[in-house]
Structure formats: structure tokens, C-alpha cells
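K.L.:
Before I ask anything, let me first share the structure, which is written out below as C-alpha cells.
The values are calculated or read from the model by the stated rules, or taken from the named source; none is laboratory data. Because the structure is predicted, anything quoted here is derived from the model rather than measured. Glycine gets a Cβ as well: all are built from the backbone with ideal geometry, and neighbour counts include every protein chain shown. We work out accessible area using only protein heavy atoms, side chains counted, and drop any ligands, DNA or RNA first. Shrake-Rupley method; radii C 1.70, N 1.55, O 1.52, S 1.80 Å.
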Amino acid sequence: MESWLYILCICLILGAGIGFMAGLLGIGGGLIAVPALLHILPQAGITSDNLPHVAIATSLAAIILTSLSSARAHHKRENIPWPLFKSMLPGFVLGALCSGFISEMIAAKSLQQIFALFVILMAVQMAYPFKAQSSRNMPGPMSLFFAAAGIAVIAALMGIGGGVLLVPFLTWCGLQMRFAVGFSAATGLLIALFGSIGYTLAGWNAPSLPDWTLGYIYLPALIGIVSTSMLMAPVGARAATTLPTAKLKKLFAVFLALVGLKLVLA
């Protein structure tokens, strides 16, 4: 079997798992997709020098369609405070676009270990959620711009939509939780879109990339993940009404921590 076809088939299964877990536990797919792709993509001929960049870029691109669906749902429920975009949109766009070029400055091994440490921190957050509550006023436009740029850079570098960073920040700034989550869904789409553009441009002439890549994005893996994750997310959401999600989230946090440790020691 052609390597790209094999990867496509594997990622159809991976996407189903990502979609189901995202719907069940309300987690971002990047925390599952990137570690899995780090394991899968060498079979497509992707070298270790490019592996973390391709895994993160492909995960980020997969978030575009899932974020679009989530953003539309929150818009219908009027959960998105659109005036915030005036201050934060330029920061999100700039930070996400720069992420691909910043990743090129980081050695592949270092980037993988940074991601691994991030996974461990997210596992701790999942097991013991940090809930920021504040009555303070929203910062000024310049502060919001720099916060947006920083969140976008970190999120796009890690191949995630950024909600795990943005929601605590906005609630700490005094925004109601439902508006913070809705705004995060909308900006996750922007971070994924412009981050993917950044990784595409940064990896356009990268050496040793196999066929079927668009910059650092490996298209067979992207198509496989997106095709089934969109179908399985509603199934996971329905299962959340009957399964003990709180216990499952803690078990998944332990699993994530072990994955992160393995990547640190790899």
C-alpha cells in the first residue's frame, strides 16, 4: 500500500477517536492529534528534522473546520462578544501568522519537548481545573492586542485552537464564562486558519518533505482526521449525557501526562 494511503486510513480512525473524545470531554483535538501524528508520520517518510513541525501544522489545519462548526453554534446562541475583536483580532492574526516562522527557529527535538511539557501542564489543568473568577475591568486595547498575539503564538506553536489559554485569561479579566467560551470558539478558527497559512509559507521550501505536503501540512493525514472527527463529535456529545465524564476526564488527564513524559524522554 502507498504510504500516503496508509496514513489516510490510519488517520480516518484517529479522527474518529479525536472527534468522539472532543465531544465527550470537551477537549481540543490538538492534544490528541499531535502526539499521535508524531508516532504515525515517520511512516510517510517525514524525517525527524521536520516531524514536530508537520505534526503541529497538520493538527492546526484540522482545527479549522471543527472551530467553524463550534463558532457558528455559539454565534446562534449570541455567546460571542464581537466588539472584543476590534482590539484582539490584529494580535490573533499576527501571532498566528508568525508561529510557523518561529517554529522554524526551534530545533525539532526542542519543539517536541516544549510540546511535551505543554501536554503535561494541560493534563494537570484537566485533572485540577483552574477557574479564574474576577470582577476587574477589561484591559485597554494595547494590552489586549499583546495578550492576543502571545496566546496566538503559543496556541499555533502547539497545534491547538487556544481555548485553554484564552478562556482563563478572559474570565480573569472579568468576562462571563459563556462569552469567554464563545469568543474562544470564534478566535480558535482565526488562530487555526492564519496559523496554518504561516506553517504553509514557512515550510514551502523545506527540504526532505514527501509528496502530498502543503508547506508543513501533510494532506492525507489532514483529510483523514477531518473526515471522521466531524462525524464523531456529535456522537461523543450525546455519550456525555450518560457516561461519567468527570471521572473519564481525570483518567484521560493521567493518559496525557504519560504521553507527555514519554515525549520528553524520547
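K.L.:
For region 22-82, report the accessible area per residue in Å² (1.4 Å probe, heavy atoms, rounded to an integer). Could you put the intermediate results ahead of the total?
P.N.:
Working: 2410 Å² over 61 residues.
Accessible area per residue, region 22-82: 40 Å².
K.L.:
How would THR241, THR66 rank on accessible area, largest to smallest, probe 1.4 Å? The partial results should precede the final answer.
P.N.:
Numbers: THR241 115, THR66 55 Å².
Ranked from most to least accessible, the order is THR241, THR66.
K.L.:
Hey, another quick one. Check the chain and count each lysine pair with an alpha-carbon distance under 25 angstrom, considering only pairs eight or more places apart or from different chains. Numbers along the way, then the final one.
P.N.:
Details: LYS76/LYS86; LYS109/LYS262; LYS131/LYS247; LYS131/LYS249; LYS131/LYS250; LYS247/LYS262; LYS249/LYS262; LYS250/LYS262.
Count of close lysine pairs: 8.
K.L.:
Another one. Under the 0.36 nm per residue contour assumption, what length would be gained going from the current alpha-carbon distance of ALA73 and ILE102 to full extension? All intermediate terms of the calculation are to be shown ahead of the outcome.
P.N.:
Values: separation 29, 0.36 × 29 = 10.44 nm, distance 3.25 nm.
Here the segment from ALA73 to ILE102 would lengthen by 7.2 nm.
K.L.:
I'd like the FRET efficiency for ALA240 and LEU117, computed as 1/(1 + (r/R0)^6) with the beta carbon distance as r and R0 of 35 Å, rounded to 0.05.
P.N.:
Values: r = 29 Å, r/R0 = 0.82.
Working from the Cβ atoms, E equals 0.75.
K.L.:
If each of THR47 and ASN205 carries a label point 7 Å out from its Cα toward its Cβ, how far apart are those two points in nm?
P.N.:
1.7 nm
K.L.:
Take the Cβ-Cβ distance between PHE146 and VAL124 as r, set R0 to 30 Å, and report the resulting FRET efficiency rounded to the nearest 0.05. Mind showing how you got there, number by number?
P.N.:
On the way: r = 26 Å, r/R0 = 0.86.
Calculated value: 0.70.
K.L.:
Which FRET efficiency value, to the nearest 0.05, is calculated for LEU251 and ASN137 with the Förster distance at 30 angstrom and r the Cβ-Cβ distance?
P.N.:
So the FRET efficiency works out to roughly 0.15.
K.L.:
Summarise the accessible area of region 196-266 (1.4 Å probe, protein heavy atoms) by the percent that is carbon and sulfur.
P.N.:
Values: 2930 of 4000 Å².
Here carbon and sulfur together make up 73 percent of the probe-accessible area.
K.L.:
Follow-up. So what are the ³J(HN,Hα) numbers for region 220-232, from phi and the Karplus equation (6.51, -1.76, 1.60; θ = phi - 60°), rounded to whole Hz, Gly and Pro as x?
P.N.:
Karplus values, whole Hz, x for Gly and Pro: x, 5, 4, 4, x, 5, 5, 4, 9, 5, 5, 6, 8.
K.L.:
Using a simple charge model, +1 on the beta-carbon of Lys and Arg, -1 on the beta-carbon of Asp and Glu, nothing else, what dipole does the chain show about its Cα centre, in debye to the nearest 20?
P.N.:
Numbers: 13 positive and 5 negative charges, 211 e Å.
Here the chain has a charge dipole of around 1020 debye.
K.L.:
Okay, helix-only estimate at 222 nm for the chain: each DSSP H run of n ≥ 4 adds -39500 (n - 2.57), divide by all residues, round to 500 deg cm²/dmol; what do you get? Could the numbers behind the result be given before it?
P.N.:
Details: 10 runs with 196 residues, N = 266.
Roughly -25500 deg cm²/dmol at 222 nm, from the helical runs in the chain.
K.L.:
So what are the three principal axis dimensions of the chain from its Cα atoms, in whole Å, longest to shortest?
P.N.:
That works out to 56, 43, 35 Å along the principal axes.
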